[in-house]
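Engineer: So that we are looking at the same thing, I have put the structure below in structure tokens.
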Amino acid sequence: MKNLGDFNIDDYNEQSQMINKRREMVEKLKLHGILRSNSVYQAMLTIPRHWFVPKKMQKSAYQDSPLPIGNNQTISAPHMHAMMCEYLEIQPGMKILEIGTGSGYHTALLSFLVTERGKVYTIERIKNLTDRAESIFSRLNLTNIYIKVDDGTQGWLENSPFDRILVTAAGPNIPQVLIDQLSPSHGKICIPVGDRYGNQELIVGEKRGEKFYTRKKCYVRFVPLIGKFGFS
Ligand code: SAM
């Protein structure tokens with residue numbers, strides 16, 4: 001360690017290495033046509049993904065793969081975060097519900113995208129994970145995030161309707177309560193739907209007045225959505 005007063009050159013070098021790796025990651029996602037908008041590009045360039053993974057995984061934080069985060073859960077691969085953000089077409093000022101906070105990385109991206117004018121409500125069923133995520137949000141000074149430990153399949157009625165709902169675990173179908181809590185004015189939901197252990201499709205649904213339209217996007221593999229309107 002070469003300390004110069006409070007300045008630690010090793011920490012500085014590590015941080016700048018991480019910034020370079022992060023830039024490489026977003027450039028690759030852009031090259032492959034996964035990152036399409038400047039807003040999602042900036043969000044993924046800004047939010048330090050390595051803060052959200054366990055210390056021993058930090059060197060792998062900018063590889064395009066899911067990683068374990070403890071409690072038998074995973075942080076999704078960067079291309080999946082990018083795709084879901086792009087499909088949802090998030091704008092500053094929106095009110096978003098996220099189900100499955102996990103590491104909190106995707107929550108932080110959403111927080112960046114809605115800016116200080118918007119709000120992100122996020123629900124996670126495992127308290128260890130919300131505790132960890134909350135401490136990172138405060139380190140990053142993300143003040144527009146509201147988090148609770150609960151069964152997200154039931155939504156968050158008091159704060160509905162939501163402009164966007166993002167579900168980061170796979171359910172057997174799209175819970176009707178979540179559709180009910182979407183804004184009737186082009187409210188959108190992105191959710192993996194299918195079997196408990198794979199064979200799932202990423203669905204984007206849009207509400208227009210009383211009508212609800214869905215589109216299948218691609219095959220995916222997520223951990224199960226466990227709850228009253230998910231898997232038991
Ligand atoms: N976007 C997250 C990230 O960046 O780390 C991915 C999290 S992981 C793929 C899915 C999360 O959904 C897990 O942490 C799991 O505990 C949570 N989950 C599953 N069922 C849930 C439910 N009914 N309500 C809230 N969270 C749930």
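Engineer: Of the residues in region 82-92, how many are within 12 Å of the ligand (Cβ to nearest atom) and among the aromatic types (Phe, Trp, Tyr)?
Structural biologist: Qualifying residue count, region 82-92: 0.
Engineer: Check off (1) open to solvent by 80 Å² or more (accessible area, probe 1.4 Å); (2) more than 12 Å from the ligand (Cβ to nearest atom); (3) not in a strand (DSSP E or B) for residue 228 and give me the number that stays unchecked.
Structural biologist: Unmet for residue 228, out of (1) open to solvent by 80 Å² or more (accessible area, probe 1.4 Å); (2) more than 12 Å from the ligand (Cβ to nearest atom); (3) not in a strand (DSSP E or B): (2).
Engineer: Which of (1) touching a residue at least 40 places away in the same chain (Cβ under 8 Å); (2) surrounded by fewer than 20 Cβ atoms within 10 Å (Cβ to Cβ) is the odd one out, the single condition residue 47 does not satisfy?
Structural biologist: Of the numbered conditions (1) touching a residue at least 40 places away in the same chain (Cβ under 8 Å); (2) surrounded by fewer than 20 Cβ atoms within 10 Å (Cβ to Cβ), the odd one out for residue 47 is (2).
Engineer: So, of the residues in region 58-81 that are of a type in the set (A, V, I, L, M) and surrounded by fewer than 24 Cβ atoms within 10 Å (Cβ to Cβ), which turns out to be nearest to the ligand (Cβ to nearest atom)? Working first, answer last.
Structural biologist: Initial filter on region 58-81 (of a type in the set (A, V, I, L, M)): 61, 67, 69, 75, 77, 80.
Filter once more, keeping what is surrounded by fewer than 24 Cβ atoms within 10 Å (Cβ to Cβ): 61, 67, 69, 77, 80.
Numbers: 61: 12, 67: 9, 69: 6, 77: 10, 80: 8 Å.
Among those that are of a type in the set (A, V, I, L, M) and surrounded by fewer than 24 Cβ atoms within 10 Å (Cβ to Cβ), it is 69.
Engineer: Looking at region 93-116, which of its residues are more than 8 Å from the ligand (Cβ to nearest atom) and in contact with a His (Cβ under 7 Å, 6 or more places away or on another chain)?
Structural biologist: As a first pass, look at region 93-116 and keep what is more than 8 Å from the ligand (Cβ to nearest atom): 93-97, 108-116.
Once the filter is applied, which keeps residues that are more than 8 Å from the ligand (Cβ to nearest atom) and in contact with a His (Cβ under 7 Å, 6 or more places away or on another chain), region 93-116 yields only 109.
Engineer: Now for a different question. Only residues that are touching a helix residue (DSSP H, G or I) at 6+ places or on another chain (Cβ under 9 Å) and within 13 Å of the ligand (Cβ to nearest atom): list them for region 154-175, please.
Structural biologist: 154, 155, 165, 166, 167, 168, 169, 171, 175
The values are calculated or read from the model by the stated rules, or taken from the named source; none is laboratory data. Values in this document were obtained by computation on a predicted structure and should not be read as measured data. Ideal geometry is used to build each Cβ from the backbone, glycine not excepted, and the neighbour counts take in all protein chains shown. Only protein heavy atoms, including side chains, enter the accessible area calculation; ligands, DNA and RNA are left aside. Shrake-Rupley method; radii C 1.70, N 1.55, O 1.52, S 1.80 Å.
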